[in-house]
Amino acid sequence: MELNRKKTWTYGISIALALAVGGLSAWVNAGKFQTPGLVQPPLSPPAWLFPVVWTVLFLLMGISAARVYLCGGEEAKDALFIYATQLVVNFLWTVFYFSFGALLLSFFWLLFLLALVVLMTVRFQRVCPGAGSLQIPYCLWLAFAAYLNLATWLLNRG
């Protein structure tokens, strides 16, 4: 019974933390997510899709981080440090892109984020089989976001 309570709390806190980062990002950048006047690249999804996708991705992050935490061990600590770092880097990307409009800087920052997430995915998988697999959609979305970010910069520079 106590083990189930620990698992429930671990998952709850982990998911809430991940969603809080996404929520804080949305709050800090409120009203800035629409980029009127910027030419959008081909394959740009509708604006309503972004919060839906990000909510799912943050849920998956929270679930997989909880799984890694529950597996424990020294490798889990290292993996969770990378996880926490990528959450900060993720948050800062939205500030660079939406608040500052620094499209080129944001692109390189996004590549840094993608590298961190790939590393995190590998580490999660080593610690807790299946936890890394939950991050594959995140990796794919970040690669797509990198395309959108770079293409937006290319179409709107000058």
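The values are calculated or read from the model by the stated rules, or taken from the named source; none is laboratory data. None of these values were measured; they are calculated from a predicted model. Using ideal geometry, Cβ is built from the backbone for each residue, glycine included, and neighbour counts are taken over all protein chains shown. SASA here: full protein model, heavy atoms, side chains in, ligands and nucleic acids out. Shrake-Rupley method; radii C 1.70, N 1.55, O 1.52, S 1.80 Å.
Determine the gain in length on full extension of the stretch Phe112-Tyr147; use 0.36 nm per residue of separation and subtract their C-alpha separation, reporting nm with one decimal.
Values: separation 35, 0.36 × 35 = 12.60 nm, distance 1.40 nm.
Length gained between Phe112 and Tyr147: 11.2 nm.
When the accessible area of the range 9-104 is computed with all protein chains present and a 1.4 Å probe, what percentage of it is carbon and sulfur? All intermediate terms of the calculation are to be shown ahead of the outcome.
On the way: 3910 of 5200 Å².
It is 75 percent, rounded to a whole number.
Residues of the range 1-98: accessible area per residue at 1.4 Å, in Å²?
Value returned for the range 1-98: 59 Å² of accessible area per residue.
With label points built 7 Å along Cα→Cβ from the Cα atoms of Glu74 and Val52, find their separation and express it in nm.
Label at Glu74, label at Val52, 4.6 nm between them.
Please report the carbon-and-sulfur percent of the accessible area for the range 116-158; probe 1.4 Å, protein heavy atoms only, DNA, RNA and ligands left out.
Numbers: 1400 of 1990 Å².
Whole-percent figure for carbon plus sulfur exposure: 70.
Divide by every residue of the chain the summed helix terms, -39500 (n - 2.57) for each DSSP H run of at least 4, and state the resulting mean residue ellipticity at 222 nm, rounded to the nearest 500 deg cm²/dmol.
Values: 5 runs with 117 residues, N = 158.
Rounded to the nearest 500, the figure is -26000 deg cm²/dmol.
Could you sort the peptides 83-94, 117-128 by per-residue average Cβ neighbour count (10 Å cutoff), highest mean leading? Kindly include the intermediate steps, with their values, before the conclusion.
On the way: 83-94: 18.8, 117-128: 20.9.
Top of the packing list down: 117-128, 83-94.
Which three semi-axes in whole Å describe the equivalent ellipsoid of the chain, each the square root of 5 times a Cα gyration tensor eigenvalue, listed largest first?
Working: eigenvalues 193, 50, 31 Å².
Equivalent-ellipsoid dimensions as semi-axes: 31, 16, 12 Å.
Using a Förster distance of 22 Å, how high is the FRET efficiency between Ala102 and Ala20, based on the Cβ-Cβ distance and rounded to 0.05?
Numbers: r = 25 Å, r/R0 = 1.12.
Calculated transfer efficiency: 0.35.
Can you give me the Cα centroid spacing of the range 9-59 and the range 83-158 in angstrom?
Between the Cα centres of the range 9-59 and the range 83-158 lies a distance of 12 Å.
Using per-residue counts of other Cβ atoms within 10 Å, averaged over each peptide, order 105-116, 47-58 from highest down.
Highest mean packing first, the order is 105-116, 47-58.
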